[in-house]
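Derivation of every value follows stated rules applied to the coordinates shown; laboratory data play no part. Not measured: the values here are computed from a predicted model. Backbone-built Cβ (ideal geometry, glycine too); neighbour counts: all protein chains shown.
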Amino acid sequence: GLVITSRSEVPGIAMDNPLAFYFLCYGSLLAVIYLVHRIVNSRFGMVIQGAKGNEDRMRSLGYSTYIYRLAAYVIAGAICGYAGALLGNFTSFISPDMMDWAASGELMFMVILGGASTVFGPVIGAALFLLLEQLLSAFTVHWHLPFGIMLILTVLFVKGGVSGLLFRLGRSNG
């Protein structure tokens, strides 16, 4: 791996201060959520959603779905790259082992648990995953087993993940 001897420099932010770094990460999260929300609700997002539902129809309407999908992939890659830069600054170490198949599986689990087709779902899923990981790992070394059962139950019975469930509960109560 690569040991990072000093953190990146951000003008006006003392990156060595844990509280300042926390607020940088939190502000980045809020900015990315806002950006993704704006993208999803723009014409660009509507084309992506339309291509997900019926790509042939979107092409017949004159949209080059390949270009839109490529742009979405590039945007997602840029967001992931920025998150990786923040992670590298946090841990002061980067290694390919940090993104092995188990780590990628955990990320997919977070997205599925929270709700894959929503803006806030992956954030909810990540928070829930990390909270449950801390709680369950205090009781047993085999904390992955309840997660596997939870993943199966989520896929089978909770359409849209936790955020979809919360949306349906809020709609039925209001």
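Below, the figures for the structure above:
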{"item": "Percent of alpha-carbon pairs separated by more than 29 Å within the chain", "result": "35 percent"}
{"item": "Computed over region 90-174, the ratio Rg/Rh where both radii use C-alpha atoms and Rh is Kirkwood", "result": "1.04"}
{"item": "Ordering of 91-97, 107-113 by packing [mean C-beta count within 10 Å, highest first]", "result": "107-113, 91-97"}
{"item": "Debye, to nearest 20: dipole size of region 1-95, +1 on Lys, Arg Cβ, -1 on Asp, Glu Cβ", "result": "400 debye"}
{"item": "For region 46-133, Kirkwood radius (reciprocal of mean inverse C-alpha pair distance, Å)", "result": "15.2 Å"}
{"item": "Region 1-95: C-alpha gyration tensor shape, a/c 1.5 cut-off, then a/b vs b/c", "result": "prolate"}
{"item": "Förster-model FRET efficiency, 45 Å R0, His142 and Ser60, C-beta, rounded to 0.05", "result": "0.30"}
{"item": "Assigned charges on the beta-carbon of Lys, Arg, Asp, Glu; the chain dipole about Cα centre (debye)", "result": "860 debye"}
{"item": "Sequence-distant residues sharing a close amide H with Ile4 (under 5 Å, placed H)", "result": "Phe93, Ile94"}
{"item": "Mean Cα-pair separation over length for region 100-174, i.e. relative contact order, pairs under 8 Å, 6 or more apart, %", "result": "34 percent"}
{"item": "Length-normalised contact order for the chain - Cα pairs under 8 Å, 6+ apart - percent", "result": "20 percent"}
